[in-house]
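Student: Input: one structure, supplied below.
The values are calculated or read from the model by the stated rules, or taken from the named source; none is laboratory data. Predicted model, so just to flag it, every value in this text is computed and none were measured. Counting neighbours? That spans all protein chains shown, and the Cβs are built from the backbone with ideal geometry, glycine included. Side chains are part of the model used for accessible areas, which takes the heavy atoms of the whole protein and leaves out ligands, DNA and RNA. Shrake-Rupley method; radii C 1.70, N 1.55, O 1.52, S 1.80 Å.
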Amino acid sequence: MPRLQIIIASTRPGRIGLPVGRWFEERATEHCRFDVEVVDLAEVRLPFLDEPAHPRLRQYQHQHTRDWSARVAGADAFAFVTPEYNHGFNAPLKNAIDYLHFEWQYEPVAFVSYGGVAAGTRAAEMLKQVITALKMVPVVEAVSIPFVNQFLDEEGGVQANEVMIRAAAAMLDELARVEVALRPLREGSERLSPL
Ligand SMILES: Cc1cc2nc3c(=O)[nH]c(=O)nc-3n(C[C@H](O)[C@H](O)[C@H](O)COP(=O)(O)O)c2cc1C
């Protein structure tokens, strides 16, 4: 099965992104179209971009960059679990994206966003502008969670409603469809050549 990486973007202590990401991991696993891997940026702990060369050149000088490159290159599709900070997505996710170039190319990506009244949709729309510069392909179907606190239970888990569950299924269906369609482009691109 193709590999789906769920990237948890928030790195804050006490972040809601972690339970949202774990909830989506369950949905994706039950969906049975992908091998699912959670990538938590709080654990990856990339420093602010510290490579001297443009990532297109892949002259990575640091082990953390080589590790991040290998990890991202192992994925066939992505779901970004994104908070909304000041009407945009957060800095750790931008930093993690900027580290690499070909590794992202022709990868389908879907967004699980959350926040207040706008459900993180402003962050998701802003992400589309950035990821298309890398030739990633966004899927339209999304999980957008408004007033995310209302879905947290006493153990800090997420109790989803029917809308979220149906949105996750539709998004995963579309991600699987687009992943297959993009496969020839990924196979012909430089992203898979060894470093
Ligand atoms: C710096 C900062 C800016 C925020 N800006 C927004 C915002 O523009 N829109 C919104 O809906 N929520 C905003 N919030 C509230 C977040 O939606 C809420 O704190 C959420 O829990 C953040 O995700 P996280 O806990 O996974 O980091 C902001 C929170 C922080 C910390």
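Student: Go through the stretch 109-142 and give me each residue that's in a strand (DSSP E or B) and surrounded by fewer than 22 Cβ atoms within 10 Å (Cβ to Cβ).
Tutor: Of everything in the stretch 109-142, those that are in a strand (DSSP E or B) and surrounded by fewer than 22 Cβ atoms within 10 Å (Cβ to Cβ) turn out to be Val137, Pro138.
Student: While we're here: If I filter the stretch 65-103 down to residues being among the β-branched types (Val, Ile, Thr) and assigned to a helix (DSSP H, G or I), which single residue comes out as nearest to the ligand (Cβ to nearest atom)? Break it down into steps so the answer makes sense when it comes.
Tutor: Just the residues of the stretch 65-103 that are among the β-branched types (Val, Ile, Thr), to begin with: 65, 72, 81-82, 97.
Checking which are assigned to a helix (DSSP H, G or I) leaves us with 65, 72, 97.
On the way: Thr65: 25, Val72: 21, Ile97: 17 Å.
Across the stretch 65-103, the extreme among qualifying residues is Ile97.
Student: Working only within the stretch 34-65, note down all residues that are under 25 Å from Pro138 (Cα atoms), over 17 Å from the mean Cα position of the chain (by Cα) and not hydrophobic (A, V, I, L, M, F, W, C).
Tutor: His54, Pro55, Arg56, Arg58, Thr65
Student: Still on this structure, I have one more. Is it the case that some residue within the stretch 11-18 is open to solvent by 30 Å² or more (accessible area, probe 1.4 Å), within 28 Å of Gly116 (Cβ to Cβ) and small (Gly, Ala, Ser)?
Tutor: yes
Student: Right, here's the next one. Return the total of residues in the stretch 1-60 being assigned to a loop (DSSP other than H, G, I, E, B) and among the aromatic types (Phe, Trp, Tyr). It would help to see each step written out before you state the result.
Tutor: Let us first name the residues in the stretch 1-60 that are assigned to a loop (DSSP other than H, G, I, E, B), namely 1-2, 9-16, 32-34, 45-54, 58-60.
If we keep only those that are among the aromatic types (Phe, Trp, Tyr) too, we end up with 34, 48, 60.
Total satisfying the criteria: 3.
Student: Looking at the stretch 161-180, which of its residues are small (Gly, Ala, Ser) and open to solvent by less than 30 Å² (accessible area, probe 1.4 Å)? Lay out the reasoning, then the answer.
Tutor: Taking the stretch 161-180 as the starting set, the residues that turn out to be small (Gly, Ala, Ser) are 167-170, 176.
Residues satisfying the conditions are Ala167, Ala168, Ala176.
Student: Could you run through the stretch 19-46 and say how many residues are within 30 Å of Tyr60 (Cα to Cα) and either in contact (Cβ under 8 Å) with a residue 60 or more places away in the chain or open to solvent by 60 Å² or more (accessible area, probe 1.4 Å) (or both)? Working first, answer last.
Tutor: Going through the stretch 19-46, the residues within 30 Å of Tyr60 (Cα to Cα) turn out to be 21, 34-46.
Next, from what is left, pick out any that are either in contact (Cβ under 8 Å) with a residue 60 or more places away in the chain or open to solvent by 60 Å² or more (accessible area, probe 1.4 Å) (or both): 21, 34-35, 43, 45.
Matching residues across the stretch 19-46 total 5.
Student: If I filter the stretch 111-127 for residues that are touching a strand residue (DSSP E or B) at 6+ places or on another chain (Cβ under 7 Å) and more than 13 Å from the ligand (Cβ to nearest atom), do I get at least one hit?
Tutor: Yes.
Student: May I pose another question? Name the residue that is nearest to the ligand (Cβ to nearest atom), counting only residues in the stretch 1-11 that are farther than 15 Å from Lys94 by Cα and touching a residue at least 60 places away in the same chain (Cβ under 8 Å). First the steps, then the outcome.
Tutor: First, pick out the residues of the stretch 1-11 that are farther than 15 Å from Lys94 by Cα: 1-6.
Narrowing further to those that are touching a residue at least 60 places away in the same chain (Cβ under 8 Å): 2-6.
Working: Pro2: 27, Arg3: 24, Leu4: 20, Gln5: 18, Ile6: 14 Å.
So, considering only residues that are farther than 15 Å from Lys94 by Cα and touching a residue at least 60 places away in the same chain (Cβ under 8 Å), the one nearest to the ligand (Cβ to nearest atom) is Ile6.
Student: Within the stretch 156-171, is even one residue assigned to a loop (DSSP other than H, G, I, E, B), at pLDDT below 95 and farther than 22 Å from Met1 by Cβ?
Tutor: Taking the stretch 156-171 as the starting set, the residues that turn out to be assigned to a loop (DSSP other than H, G, I, E, B) are 156-157, 159-161.
In the following step, the residues that additionally are at pLDDT below 95 were identified as 156.
Applying the additional criterion that residues be farther than 22 Å from Met1 by Cβ yields 156.
Yes; the residues of the stretch 156-171 include at least one that is assigned to a loop (DSSP other than H, G, I, E, B), at pLDDT below 95 and farther than 22 Å from Met1 by Cβ.
Student: Looking at this structure, is Tyr106 away from the ligand (no atom under 15 Å from the Cβ), touching a residue at least 24 places away in the same chain (Cβ under 8 Å) and open to solvent by 20 Å² or more (accessible area, probe 1.4 Å)? So that I can check it myself, show each step before the final result.
Tutor: Numbers: away from the ligand (no atom under 15 Å from the Cβ): yes; touching a residue at least 24 places away in the same chain (Cβ under 8 Å): yes; open to solvent by 20 Å² or more (accessible area, probe 1.4 Å): yes.
Judged against the criteria, Tyr106 is a match.
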